[in-house]
Amino acid sequence: MTARLGIIIVGSEILLGKREDRHFARSRAQALGRGYELAWSLLLADRWEDLINQYRWAFAQECPFFSFGGLGATPDDLTRAAAAAALDLSLERHPEAARLIRERFGDGAEPIRIRMADLPKGASIIPNPVNQIPGFQLLQGYFFPGFPQMAEPMSQWILERDFPLCAPALQLRILLREQKESDWVDFMERLCAEHAQVEFSSLPSFSAGGTQIELGLRGEAPSLRAAWQMLATELERRGVRWEWLEEPQLP
């Protein structure tokens, strides 16, 4: 089974167009570097009820998730409290997080910055090599600052610590020339029914030469091989002109 993780990005400023997201593409590349795919991604506003509901949903999923943003000390930084509320936990001052913040800011840590050490009960800290204000881990959730220059080394450290290298799923993609999706739907349904363990995709497009379809299959080698044999047989039966876009090296 393909190793997967989820992504949560918190920030009304992104949804309002004040800032551009810089977490999704970076996190996807980091995860793929370890052989992990993104199972889902959420972009959330800094709204209390929305955050609680979505974190509650995320904690109920099987795969781990990374969350970026909302860890500061201002009133719109709701992530720490929302993650706690999603699991019916209280916020408690984490002694190690408090020590790091006091070391970083001295007398300036009190009374505002020290709030960033108030973490959900039972959370462990994630070190921040940039300014020493930590993120935290709670169950299968990993929480990072919204600043990409901090989040990137922190999430990479977590990936190397907690996410063993995995072999990515094998995939193949072919392009069918001068074909319409509607002519293939019956076969697609049979293919999906007989090879349910293989992910199937169909992407139509239009060119000067007419309509064409990109077909994709993804999965583990034995299942992928069987599904491809079924597809290849159908291509030959129909005499369809096609070409490889991505040919897997099946063992």
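The values are calculated or read from the model by the stated rules, or taken from the named source; none is laboratory data. Quick caveat, the model's predicted, so the values are computed rather than measured. Cβ sites come from the backbone with ideal geometry, for glycine too, and all protein chains shown count toward neighbours. Surface areas here come from the heavy atoms of the whole protein model, side chains and all, with no ligands, DNA or RNA. Shrake-Rupley method; radii C 1.70, N 1.55, O 1.52, S 1.80 Å.
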Fill in: Selection from segment 90-120 of residues that are open to solvent by 10 Å² or more (accessible area, probe 1.4 Å), outside any loop (DSSP other than H, G, I, E, B) and among the small types (Gly, Ala, Ser)
GLY106, GLY108
Discussion item. Testing SER202 on (1) buried (at least 16 other Cβ atoms within 10 Å of the Cβ); (2) of a type in the set (S, T, N, Q); (3) at pLDDT 95 or above, one condition comes back false. Which one is that?
Written reply: (1)
Worksheet item: Filter segment 54-80 for residues that are without any contact (Cβ under 8 Å) to a residue 12 or more places away in the chain and either more than 16 Å from PHE143 (Cα to Cα) or aliphatic (A, V, I, L, M) (or both); which is most open to solvent (accessible area, probe 1.4 Å)?
Response: GLU62
Practice prompt. Would you check which residues across segment 163-199 are open to solvent by less than 30 Å² (accessible area, probe 1.4 Å), touching a residue at least 60 places away in the same chain (Cβ under 8 Å) and within 27 Å of the chain's Cα centre (by Cα) and list them?
Written response: PHE163, ALA169, LEU172, ILE174
Fill in: Residue within segment 13-31 that is surrounded by fewer than 17 Cβ atoms within 10 Å (Cβ to Cβ), in contact (Cβ under 8 Å) with a residue 40 or more places away in the chain, in contact with a Ser or Thr (Cβ under 9 Å, 6 or more places away or on another chain) and farther than 27 Å from GLU160 by Cα present
no
Fill in: Single residue of ALA29, ALA83 found to be assigned to a helix (DSSP H, G or I), modelled with pLDDT of 95 or more, touching a helix residue (DSSP H, G or I) at 6+ places or on another chain (Cβ under 8 Å) and of a type outside the set (Ser, Thr, Tyr)
ALA83
